[in-house]
Amino acid sequence: MARMGRLAGGGSKVARAARTLVVRRRERWPHAAGTDPRPGRWQVVTVAGRPEEVLPRGRWPEPLRRLYGAVELYARPAPGGRGTELAARLLGNAPGLRGMVAHLVGDDPGRFIRQALREAKQLAETGEVLRADCSRWDRPGVPG
Amino acid sequence: MRALCWEGANAVAVREVPDPELRNAHDIIVRVRRSATCGADLPLLAGRIPYLAAGDVLGHEFLGDVVEVGPEVRRHRVADRVVVCAGIACGACWFCRQGLFACCDNGTTGASAAESAWGQPTGGCYGHPGPLGGFAGSHAEYVRVPYADVGAFAVPEEVSDDRAVFASDAAPTGWLGAELGEVRPGDVVAVWGAGAVGQLTAGAALLRGADRVVVVDDHDDRLRMVEQHVGAEPLNYRFVDVLAELRERSGGRGPDVCVEAVGMAAEPPGLLAGRLGGGAERSLALREAVHACRKAGTVVVLGTWTGVVDTFPLGAVMQKGLTVRSARQHGQRWIPMLLDRMARDELRTEHLATHRLPLERAADGYALFRERADGCVRAVFSP
Ligand SMILES: NC(=O)c1ccc[n+]([C@@H]2O[C@H](COP(=O)([O-])OP(=O)(O)OC[C@H]3O[C@@H](n4cnc5c(N)ncnc54)[C@H](O)[C@@H]3O)[C@@H](O)[C@H]2O)c1
Ligand SMILES: [Zn+2]
Ligand SMILES: [Zn+2]
């Protein structure tokens, strides 16, 4: 059965990180421990293609790469040949988000991460992120 | 360029707006030759669809000439005459690969609003706000077409503009209706709504070999078209007991396939009603379709609905073992085949273009279309 591990932020860390946590196909995403304050909910998208196609050499895809250190990211094959499930959530032990990352994530991390996952999916599937005609829909703050 | 802009509830006007530009590598820009009104525009026009803003350009059924091509486009060149599927889909996600283009994961720019309304985002559509697309409409001189290799199709020379423009939406929707109903030779099919969608559903059912196709409406001019141009049987619900008549015309069994091609009303049913997830709609046509349908038959919902519908006869669905199916059209799957049939004269659609107007008169066109005045079935604009 295919297995995928936690992904590293850069090529050099792949081998080590891939061994740190292995998610089996039918297992649930790793759970937060009892008192762990991190928001337990994973945001997940399914991307067409096998994990090695979606994440060549195990590298974090854009735009998630910008969140390295602030979120944890997992990938595993989706059942039924549907592709690769890509899951992310805020790292619980990150001592508060700082600087650029805090600015990027804003006050609704779940929604922000979901949008980042969606863009990563679009990049993997179509090679680009679809842009609206009306700049209104490109503007942050408008439901999108 | 000039374009028809929404200005507020039931107010539209042709205005000067910025020209579209290539924004993604798979885009083309099309100079519009024909752009048609659609029943789906009526709730938009009335201001019933959230996020539509003053200045947004309407229209989604169109055909034109390619004038600009993005660097990743492979199938189109400048000067090609193309008809563009009203729905926007990437062609690469799991749904597109199954041929379910209207369910595309990557077809809108307002995915999270769609997710809150329906659970998952769907494919996009021109001339609709973010949750349903976020792309300017086609009642304009130029339109930007994303994913052009997936959604734009070269039109065979022998097919006229006035025929081919219906390959954008109404014809694939009709095909969808017959396909979801799995219409087969010997079937009796009933269709509610004699607009372009209902007529082309009836036509598709006949092409698939249906024995008898009945179309229900109360507009005599539209029902005459059903008889003359489609070869189906008209039924005017204003003068006839629809359920009794359909039972009689189907040997007491009820039609094998019943298709609702009416959709939500242009005007809200009450003060609270209308918006995504807001107050409930009612559909008399859908209730009749469920009642009329033979046991273990199929009811197909083609009409556009965005919110909650009340007084739906679930009891009849359950007791009679009905199958209820619905979708937005997956035109990318059928447009080449439909253009072929148009080229062979098997599928004729130009009679639907009852009013051909210059774009500058698009507001008049919508007034005619909305009131169904002067026998208007579709107003078709040329910039
Ligand atoms: N599923 C899709 O992908 C898709 C694509 C295009 C259009 N649509 C939808 O299909 C529907 C029809 O489109 P159209 O352009 O033909 O619209 P239209 O407004 O031109 O026609 C609707 C017809 O329904 C008739 N009608 C109203 N109430 C009725 C009733 N109770 N019984 C029988 N007939 C009744 C009207 O008289 C009218 O002739 C709309 O809701 C439209 O949004 C769906
Ligand atoms: Zn339409
Ligand atoms: Zn897609």
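Observations, loosely collected:
- Applying the criterion of being within 14 Å of another protein chain (Cβ to nearest Cβ) and aliphatic (A, V, I, L, M) to the residues of segment B:1-43, the residue that is surrounded by the fewest Cβ atoms within 10 Å (Cβ to Cβ) is B:ALA25.
- Qualifying residue in segment B:92-99 (condition: within 16 Å of ligand 2 (Cβ to nearest atom), touching a helix residue (DSSP H, G or I) at 6+ places or on another chain (Cβ under 7 Å), in the same structural domain as B:VAL145 (by TED's automatic domain parsing) and closer than 28 Å to B:ARG163 by Cα): no
- When the residues of segment A:68-81 are filtered to those that are part of a loop (DSSP other than H, G, I, E, B) and surrounded by 14 or more Cβ atoms within 10 Å (Cβ to Cβ), the one that is modelled with the lowest pLDDT is A:ALA70.
- Any hit, segment B:218-225, residues being closer than 24 Å to B:GLY186 by Cβ and modelled with pLDDT of 95 or more: no
- Strands (runs of 3 or more DSSP E) contained entirely in segment B:109-192, each with at least 3 residues that are within 14 Å of another protein chain (Cβ to nearest Cβ), farther than 22 Å from A:LEU117 by Cα and modelled with pLDDT of 95 or more: B:142-145
Let's see how each residue does on (1) crowded, with 23+ Cβ neighbours inside 10 Å; (2) under 14 Å from B:ALA292 (Cβ atoms); (3) away from ligand 2 (no atom under 16 Å from the Cβ):
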position: B:ALA194; (1), (2), (3): yes, no, no
position: B:HIS219; (1), (2), (3): no, no, yes
position: B:VAL257; (1), (2), (3): yes, yes, yes
position: B:GLU260; (1), (2), (3): yes, yes, no
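- Any hit, segment B:209-216, residues being assigned to a helix (DSSP H, G or I) and more than 16 Å from ligand 3 (Cβ to nearest atom): no
- Test: B:ARG97 is at the interface with chain A (Cβ under 8 Å from one of its Cβ atoms), surrounded by fewer than 24 Cβ atoms within 10 Å (Cβ to Cβ) and among the basic types (Lys, Arg): yes
- Yes/no for B:ARG328 being touching a residue at least 60 places away in the same chain (Cβ under 8 Å), under 18 Å from the mean Cα position of the chain (by Cα) and in a loop (DSSP other than H, G, I, E, B): yes
- Hey, B:ASP105 more than 9 Å from chain A (Cβ to nearest Cβ) and at pLDDT 95 or above or not: no
- Taken over segment B:107-151, the residue count meeting the criterion of being among the small types (Gly, Ala, Ser) and more than 16 Å from ligand 1 (Cβ to nearest atom) is 12.
- For B:LEU286: the one exception among (1) more than 16 Å from ligand 2 (Cβ to nearest atom); (2) surrounded by fewer than 20 Cβ atoms within 10 Å (Cβ to Cβ): (2)
- Exclusive hit being touching a Pro at 6+ places or on another chain (Cβ under 8 Å) and not basic (Lys, Arg), set B:ASP161, B:ASP169, B:ASP218, B:ASP211: B:ASP211
- If the condition is being more than 12 Å from ligand 1 (Cβ to nearest atom) and under 14 Å from B:GLU260 (Cα atoms), then segment B:180-220 contributes B:GLY181, B:VAL189, B:ALA205, B:VAL213.
- Within segment B:57-76, the set of residues being surrounded by fewer than 23 Cβ atoms within 10 Å (Cβ to Cβ) and either within 16 Å of ligand 2 (Cβ to nearest atom) or of a type in the set (A, V, I, L, M) (or both) comprises B:VAL66, B:VAL67, B:VAL69, B:VAL73.
- The residues of segment B:78-112 that are near ligand 3 (Cβ under 9 Å from one of its atoms) and small (Gly, Ala, Ser), listed by number, are B:ALA89, B:GLY91, B:ALA92, B:GLY107.
- B:LEU284 being away from ligand 1 (no atom under 15 Å from the Cβ) and free of Cβ contacts under 8 Å to residues at least 12 places away in the same chain: no
- For segment B:65-94, a tally of residues being part of a strand (DSSP E or B) and within 13 Å of another protein chain (Cβ to nearest Cβ) returns 1.
- Within segment B:26-47, the residues that satisfy the criterion of being within 21 Å of B:GLU350 (Cα to Cα) and within 16 Å of ligand 2 (Cβ to nearest atom) are B:VAL32, B:ARG34, B:SER35, B:ALA36, B:THR37, B:CYS38, B:GLY39, B:ALA40, B:ASP41.
The values are calculated or read from the model by the stated rules, or taken from the named source; none is laboratory data. Quick caveat: nothing in here was measured; it's all calculated off a predicted structure. We place every Cβ from the backbone using ideal geometry, glycine too, and count neighbours over all the protein chains shown.
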